[in-house]
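Read the figures in this text as sums done on the coordinates, not as results from a lab. Worth saying up front: this structure is predicted, and the values here are computed from it rather than measured. Quick reminder, even Gly has a Cβ in these numbers, built from the backbone with ideal geometry, and neighbours come from all protein chains shown.
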Amino acid sequence: MFIRLVADSFSRRPRQKLLTGAALALGMAVATAALSVSLDVGDRLAREFRSLGANLLVTPQADSLPLEIGGVDYRPVNAGAYLPETDLGKLKTIFWRNNIVGFAPAMEIPVQAWTESSQTLSAPAITARGTLIGTWANHSVAVPDGSSYVTGIAKTNPWWQVDGKWFREDQAECVVGKAFAARSGARIGTTLHIGSGNQNVALLVTGVLSGGGSEDDAIVAPIEIAQRLGGKQAQYRRLYVSALTKPEDEFGRRDPATLAPSEYERWYCTPYISSIALQIRQVLPGAEVRVIRRVAEGEGAILTRVRTLLWLVTFAALLAAALAVGASSAASVIQRRTEIGLMKALGAGSGTVGLLLAAEQLLLALVGGAAGYALGIILAQFVGQKIFGAAPAFSFFVLAVIVGLAAVVTLLGSAIPLRRASRYEPAPILRGE
Amino acid sequence: MMPDRKMFWRIIRRLLSANRGRLFVILLALGAGAAITAALLNLQVDAKRRLTAEFRTFGANVIIAPRDFSESAAKPRLYESLFSDLSEGMDTGMIPKAAFLYGVANASIDAGTQKGKPPAAGNVIVAGFLYSGNRPDQAVPAALVEAEQKFATRVRRHCDVGQQAAAALHLRSGDSVRLTNGAHQTSCDAYVLPALGGSEDSQVFVELHTAQTLFDQQGYISLIQLSIPGTPGQIQNYISLLQQRLRDVDVRPVRQFTEGEARIYQRISGILSATVALVLVLTTLCVMAAMTNVAMERRNDVGLMKAIGGATRRVLRLFVAEAALLGLTGGVLGAATGILISMWLGKAVFGVAARPRLIVYPVAVALTIIVAIAGAYPLRRLANIRPASVFRGER
C-alpha cells in the first residue's frame, strides 16, 4: 500500500514532480560541475605553473664563489667544482620522482667564434667572443631501474623559443642566441667554428634562440661539446630541476631537523619543495640543492589564493543549489495540505504521513540527483576541456558528496513544512478553510 | 480607475500575506539566487584585479639594460638620471623599480672581527642598489628590503651578503667586511641574507652610492628592474611605451615571468569566469524552477477570479505584478547580502575586502526580477483554464 501511494503520487501529478526534480537536477549539476572542477584545478594549475620553469637549482657543494650576474657565471672554467653527469638518472628514483617534470644540466665556457666567411687563408678571424652554454635539448637519461627518461632545457626553461630546430644531442650542432646571431652574422645553416684554449670544434647552426635573458647572447650546444672544450668530461656545473610541488604551509616551513619521527615521515612524504630538495640531495652526493625562491614562493602564494577562491565559489554554488532545491521541495510539500488532511482524516498517523512524504522526496532526490550528477559531469568535462584541454578525472568523492547532498537538502527542505503538516487538523482542511 | 487600482494592490497584498510559509520559501529562493549572483559578479571583477597584483610576488618583470649587454658585467652604461626620469610623464609614477650597479671587488673580513677564523678573502660581485615605489619588495628580493628597513637607523654602514658569498668568506651577521677595488675601499657591517636561490646568493649588496664610489662610476648604473602591475596586455602596452621612449637602451620583459604569467592568468581567469557563469546560469534555472512550482499552485485562484468576472489579461497582470514585487524584494535583500558576502570572501582570500562595485547591485536586482517574472510564465497556461473544471475539483 505504501509503495502504491508513492507510485500514485508520482503518476498523478507528473508535471509537478518533473519540475521539482528538474530544480533538483539542475542544482546538483551546478554542485557536481563546480566540485569536480575545483577538486581538479589545483593539480592542473600546479602543472601550468611549471611554465615558469625550474624551481630548484643544484650546484656543487664544494664550489668556489660564483661570479654571477644575471645568470651568467664569469668564473674561468677551471675555477670551482663540478658534478658528475652520470648520477642524473637517479633523480627519477626519488620518492617524488613522478613530480619531477624536467631537469637539465648546464655548463658555461667562454669561447671565441668565427664563421667560414670571416676566415682567411692565413689566420682565422675571430668575429665574436661569447659564452657557450652546454646543456641537453632532448636527452634520453638512463634511469637506474632500466628505463629511460627524455628531458631537456625546453622543459626547465619553457620560455626559450627556438626559431628553427633544437640541436640534436649526438651531432655537432648548436643554436645561437638572437643577439649573438646579429653580432656574429651566424644564421641557420652556417657552420660556426668555436674555439676555447687550444681546442676547436665546428658546429652547424640549427636554430636561433630567443629567451629574453643572457642566453640571447650565447651559443647553446650539446653539453658534451662544452665538456670537451673545457676538458671536463661527463661533468656539469649546475642543474635546473622543475618539480610539481605543494605550496608550503605552516607545517612545510618547519625545520625538518626539529620534527618528531612521525612528523618527519609526513613531511618527507608531502611534495613540499623543501622535501623534494632534500630527496635530490640524498641521491646526488656532493650537491647543494637550492630552492629558487622567486619562482617557488610566487607560485605558492598564487596557488593558495586561487585554490581558496575556487573553493569559496564552489561553496557558494553548493549553497545556492541547496537553497533552491530546499525551496522547491518545501513548496511541493506545502501544496499538499489537502491531501495530508485527507490522509489524516482516514486515520493515518502523523508519522506515517511524514514517512510517506519523506519517501517520495528521497525517491525524487535520488532520481534528480543522479540526473544532475550526469549533467554536471558533462559540464565539468566541457569546462575542463575548454580551459585546460583535459577533462577532470572521475572522482568517487564527488558522487558521494552529490548523492548525500541531494538527500540531505531535500529532506531538510521538506522537514519544516512536514512538521507543520503533521500538526494540521484534518477537519478545517477538508472544509476548505 | 481609482478604485480599480486600489483593488489591484489590495488583492496583491492579500496574495502575498495569505500564506506566510510560501512567501518565505519564495523569498528564500529568490534572495539566495540574488545573493549568489551579486557575490560572484562582484568577486569576479575584484578577483581578477587582485590576481594581477598577486602575480607581482614574482618580482621584477621588465629589465632596462644597455643595448649591447654582452660585456656589461663590469661596464655600466646607463646614466643614473634615467632611473629618476623613468616615470616622468607617465601616470604610473609609483611602479616599484630598482637600479643596480655591478662590479667585482675583493672582499675580506676586517682583522678586528676575525678572531681565530681562517683568513678568508676573495672576489665577489658587489651590487649597489637603490629602489623606489610603494612596493619595493616587488622589484628587489623582499629579504633585501626587510634588511634595509631594519638597518635604516644604524649609523655604521652595512651591507647585505648573499648566503653563498657568506659561506665562502666564512662570514656571519655582524662581522665587518672590507671591500677593495684598486685604490678604493670601503668597509661595512655584514648582514647575511636568507637563501634566495638566484644569483643574489653569491653577491654582496651595498647602497648604490657606495658602489659608485667603490668602482669609480659616479652617476652610472648597470641596469634597472621594474615590476609593472596589471593584466598581461597592460604590461605589454607599458613595455612598448617604454621601448618607444627609450630608444637607445634595451627594454625587455623577463620572459620567464611575463609569458608564464600570461598563460597562468588566462587559465585562472578562464576557470573563474566559467565557474561563475555556470553557477549563475544554473542558479537562475533553479530559482525559476522553484518559482514555477509555486506559480502552478495558483490554479484555484485563477479559476475563482475568472469565475467572478476577471478578464484573463487582468488576472495575469495581477500575478506578474506579484512575481515582480517578490523579485524586487528578494533581489534588494539578496543582492545586498551578496555584496557583503563578497567583501568578506575577498578578505578571506586576498586579505583585502573586495571593493563593492555599484553596477553589480542593480544588475543583480534586475536579473532577479526577470527570473521571478520568467518563473511565473507557466501561468499563461492557466489562462486557458475553465473555471468550472476548477470548481468541480478536476485536475
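Going from the fewest other Cβ atoms within 10 Å to the most, the residues B:E80, A:E116 appear in the order A:E116, B:E80. Kirkwood radius for segment A:52-183, taken over all pairs of different Cα atoms as the inverse mean of 1/r, rounds to 17.2 Å.
May I ask you to sort A:L356, A:L26 by Cβ crowding, counting other Cβ atoms within 10 Å and putting the fewest first?
Numbers: A:L356 18, A:L26 28.
If I rank by nearby Cβ atoms, fewest first, I get A:L356, A:L26.
With Kirkwood's inverse mean 1/r over C-alpha pairs for Rh, give me the Rg to Rh ratio of segment A:270-319, two decimals please.
Numbers: Rg = 16.4 Å, Rh = 13.1 Å.
Rg/Rh: 1.25.
Relative to the Cα centre, the charge distribution of segment B:153-211, modelled as +1 at Lys and Arg Cβ and -1 at Asp and Glu Cβ, gives a dipole magnitude of about 240 debye.
Charges at C-beta only: +1 for Lys and Arg, -1 for Asp and Glu. How large is the resulting dipole of chain B about its Cα centre, in Debye rounded to 20? Let's see the in-between values first.
Values: 44 positive and 28 negative charges, 707 e Å.
For this selection, approximately 3400 debye.
When only Cα pairs below 8 angstrom with a gap of at least 6 residues are kept, chain A shows a relative contact order of 25 percent. Prolate is the label for segment A:11-56, because a/c, from the alpha-carbon gyration tensor with a ≥ b ≥ c as root eigenvalues, is 1.5 or above and a/b exceeds b/c. What you get for the protein assembly as shown, charging only the Cβ of Lys and Arg (+1) and of Asp and Glu (-1), is a dipole of about 5220 debye around the Cα centre. Across the protein assembly as shown, the volume of the C-alpha convex hull divided among the residues equals 230 Å³ per residue.
Over 38 Å, how big is the tail of the calculated P(r) for chain A, in percent of all Cα pairs? If you can, show how the numbers build up before the last one.
Numbers: 44439 of 93528 pairs.
The calculated P(r) of chain A puts 48 percent of pairs beyond 38 Å.
For chain B, the mean residue ellipticity at 222 nm estimated from helices alone is -18000 deg cm²/dmol, where every DSSP H run of n ≥ 4 contributes -39500 (n - 2.57) and the total is divided by all residues, rounded to the nearest 500.
Against the empirical 2.2 N^0.38 Å scaling, what ratio does the C-alpha Rg of segment A:1-79 come to?
2.73
If N is the number of residues in chain B, what value comes out of its Cα radius of gyration divided by 2.2 N^0.38 Å?
Numbers: Rg = 34.4 Å, N = 395, 2.2 N^0.38 = 21.3 Å.
Its radius of gyration relative to the 2.2 N^0.38 Å reference: 1.61.
Over segment A:340-432, the hull volume per residue, using the convex hull of the C-alpha atoms, is 105 Å³. Using the alpha carbons alone, the radius of gyration of segment A:264-392 stands to its Kirkwood radius in an Rg to Rh ratio of 1.30. Taking only Cα atoms, what is the 0 to 90° angle, nearest 10, from helix B:20-54's long axis to the longest principal axis of chain B? Long axis of B:20-54 versus the principal axis of chain B: about 20 degrees. Which one, A:G130, A:A142, A:G164, projects farthest toward the positive side of the charge dipole computed for segment A:123-234 from Cβ point charges (K/R +1, D/E -1)? Comparing the listed Cα positions along the dipole, A:G130 ranks first.
Here the ratio of the Cα radius of gyration of segment B:229-339 to 2.2 N^0.38 Å is 2.07. Per residue, the convex hull spanned by the alpha carbons of segment A:169-231 comes to 82 Å³. Just checking the listed ones, B:K48, B:K97, B:K306: in the Gaussian network model of chain B with Cα springs under 10 Å, the one fluctuating most is B:K306.
The order of A:T115, A:T151, going from fewest to most other C-beta atoms within 10 Å of their C-beta, is A:T115, A:T151. Starting from a Cα-only point model with no solvent, please compute log10 I(q)/I(0) by Debye for segment B:142-264 at q = 0.15, 0.16, 0.21 1/Å. Reported log10 I(q)/I(0), two decimals: -0.88, -0.94, -1.17.
To the nearest ten degrees, helix A:14-48 and the longest principal axis of the Cα atoms of chain A are 20 degrees apart. Shape descriptor for segment A:129-266: Rg over Rh equals 1.12 (Cα atoms; Rh from the Kirkwood inverse mean 1/r).
With only Cα atoms counted, segment B:1-41 has Rg and Dmax values of 15.0, 44 Å. Please determine, in degrees from 0 to 90 and to the nearest 10, the orientation of helix A:350-388 with respect to the longest principal axis defined by the Cα atoms of chain A, where the helix direction is its Cα long axis. With rounding to tens, the tilt is 20 degrees. Taking amide H positions as placed 1.01 Å from N in the peptide plane, with prolines and chain starts having none, which residues 5 or more places from A:L204, or on another chain, fall under 5 Å of its amide H? Amide H neighbours of A:L204: A:E173, A:C174, A:L192.
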